[in-house]
1. Modelled with pLDDT of 95 or more, away from the ligand (no atom under 15 Å from the Cβ), crowded, with 18+ Cβ neighbours inside 10 Å and in a loop (DSSP other than H, G, I, E, B) - does that describe any residue in the range 339-353?
2. Only residues in the range 1-30 that are open to solvent by less than 10 Å² (accessible area, probe 1.4 Å) count as the first member; pair them with residues that are at pLDDT below 95 and among the acidic types (D, E), Cβ under 7 angstrom, at least 6 apart or cross-chain, and list the lot.
3. If V105 satisfies every condition in (1) modelled with pLDDT under 95; (2) among the aliphatic types (A, V, I, L, M); (3) within 22 Å of the chain's Cα centre (by Cα) but one, which is the exception?
4. Restricting attention to the range 71-88, which residues are assigned to a helix (DSSP H, G or I) and either over 20 Å from the mean Cα position of the chain (by Cα) or hydroxyl-bearing (S, T, Y) (or both)?
5. For the range 297-317, check the following and say yes or no: at least one residue is under 30 Å from R73 (Cα atoms), among the small types (G, A, S) and open to solvent by 60 Å² or more (accessible area, probe 1.4 Å).
6. Would you tally the residues in the range 298-315 being touching a residue at least 40 places away in the same chain (Cβ under 8 Å) and either in contact with a His (Cβ under 7 Å, 6 or more places away or on another chain) or of a type in the set (A, V, I, L, M, F, W, C) (or both)?
7. Quickly run through the range 57-70 and pick out the residues that are surrounded by fewer than 24 Cβ atoms within 10 Å (Cβ to Cβ) and in a strand (DSSP E or B).
8. Whether any residue in the range 232-246 is over 20 Å from Q292 (Cβ atoms), in contact (Cβ under 8 Å) with a residue 12 or more places away in the chain, touching a helix residue (DSSP H, G or I) at 6+ places or on another chain (Cβ under 9 Å) and acidic (D, E) is what I want to check.
Amino acid sequence: MTQTQRGLATDGIRHADILIVGGGLSGAMLAAQLLRLPGKRSLRVIEPRAELGRGEAYSAVELGHTLNGNAARMSVDPDNVDDLTQWLTAHIAAGGWPESDEQHVPVSELFPPRGLFGVYVQQRLAEAQAVGAVNGSTVEHVQAEVVDLQTRDDLVLLTLSDGQRLQGTYAVLATGMFPAARTPQTESSGLNAAALDPWDVAAMRRLDPQSTVLIIGSGLTMVDAVVSLEQAGHRGPIEVFSRHGLLPHVRRQPPAWVDFLAEDQSIRTPRQLVRELRRHCRDAIAQGIDWQSPLDTVRAHVGRLWNQATDVQRRQFVRHVRPWWESHHHRSPPLSAELVARLHQEGRLRIQAASFKGLESTVEGQVSIRIRRRGEVDTTVVSGAALINSSGIEYDWRRVARPLPQQLLACGLIRPGPLALGIAAAVDGAVLDADGQVAERLFAMGPPLRGMWWESTAVTDVASQAKALAERLTRSL
Ligand SMILES: Cc1cc2nc3c(=O)[nH]c(=O)nc-3n(C[C@H](O)[C@H](O)[C@H](O)COP(=O)(O)OP(=O)(O)OC[C@H]3O[C@@H](n4cnc5c(N)ncnc54)[C@H](O)[C@@H]3O)c2cc1C
């Protein structure tokens, strides 16, 4: 056995077969899949958070911050769609999550708190660790941020924020999503610094309960922010500004509908897709069936359609279909949607179609922003006691002010993905370098592959990518 195989490379740098950069859901699920496959392998997951498997989404601590899909839709096991339902059934039977009783629905229809989902992910990882241990496989959590990555002919070298260096046969970027700073100009003028974290209930408790709160963005993060404010006892006005002023629809449990995209492979362009989908939705409504039924059949085909589209077609989709897709497809959990609807009816929550133009000022207890309402030429300044930025995710890695994305781009080890969404990769997740060459040792999964698949973020996307990538890496090892 060589020194490298025993875990210590000749130059003293610790070696692992696979280095996983990021230990959120993607990193944890990739590790779990690798541990379950036959054979012996060493894994290191580099993640600055104290726990693996949570990331931003599943570090939630409030019961009201739930998954946006019911248990039947959120299994992390691509081979067992009922995996989460089964885990939850046992968890509830053992006395966990007693509040679920109040919902009076079968376990498969519950929308679990995201923090609890994190426990499920961690338990599945721990079980995989026990399976792997039988084969001599190991996983280690290294608590740090990767700040530099270099590839050599036969290995990948990482430098961590604490100065440590690691080397591996392969590395996987499972770095998840980066919060949007809106524009470099607003980032430097401190938008994110001035804004409250949408999930920070403790900070919201410190606000005057009757004060006005401003929220930028009207998607699912806004819904979570409203849940946080309610939880914190806020009872004042909430002013929401978003470009289109669209709210997410509420998620229902619609019956199955014919998989029309599987039956008709001639549908390829965004225009054809929208036309056919609208036709199916009209048919469904005419039959007294929920329009969500036909819409939900599209999900399984989005990756293929996006991947085979031209950039022109992708741009058409982003420009014309995206706002509609976001509000109809990324739907709100029912209890949160009820709260938003109630506050809207009471007139406490107002949604305005307006674009954010910049942060004007922040003084103790007051923040002012400049907006332009849709259809108006002039901009307006609005003020509130607090501001919440729920404008989403920055998918363009050129604008992500973190060391690793900047270093990888500067060294030409990665290139932006289609439409500058995430990074470019081959179908198996191997990244493309600045010249378009497929990397041999560097892979990516989850949100960084947004540009390759459009939907590459949700639990089911991540779970199926983890399985495929684990098989791919194991074959090469
Ligand atoms: C608030 C929120 C709610 C969501 N709710 C749902 C939902 O209900 N249903 C659903 O299907 N999906 C939901 N999602 C999508 C969710 O992001 C994915 O399901 C999942 O979290 C993606 O996992 P990830 O590991 O790829 O990313 P993340 O969870 O973002 O984890 C990435 C990890 O990488 C680490 N990292 C980044 N850079 C480095 C580096 N250089 N070195 C080391 N570590 C690094 C970060 O610390 C982070 O922990 C939600 C997302 C958010 C943000």
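The values are calculated or read from the model by the stated rules, or taken from the named source; none is laboratory data. None of these values were measured; they are calculated from a predicted model. Neighbour counts are summed over all protein chains in view; Cβ atoms, including those assigned to glycine, are modelled from backbone coordinates with ideal geometry. Please note that ligands, DNA and RNA were not included when accessible areas were found on the heavy atoms of the full protein model with its side chains. Shrake-Rupley method; radii C 1.70, N 1.55, O 1.52, S 1.80 Å.
1. Looking through the range 339-353, none of the residues is modelled with pLDDT of 95 or more, away from the ligand (no atom under 15 Å from the Cβ), crowded, with 18+ Cβ neighbours inside 10 Å and in a loop (DSSP other than H, G, I, E, B).
2. Qualifying pairs under 7 Å: none.
3. All conditions are met except number (3).
4. The answer is D83, T85, Q86, W87, L88.
5. yes
6. Matching residues across the range 298-315 total 5.
7. none
8. no
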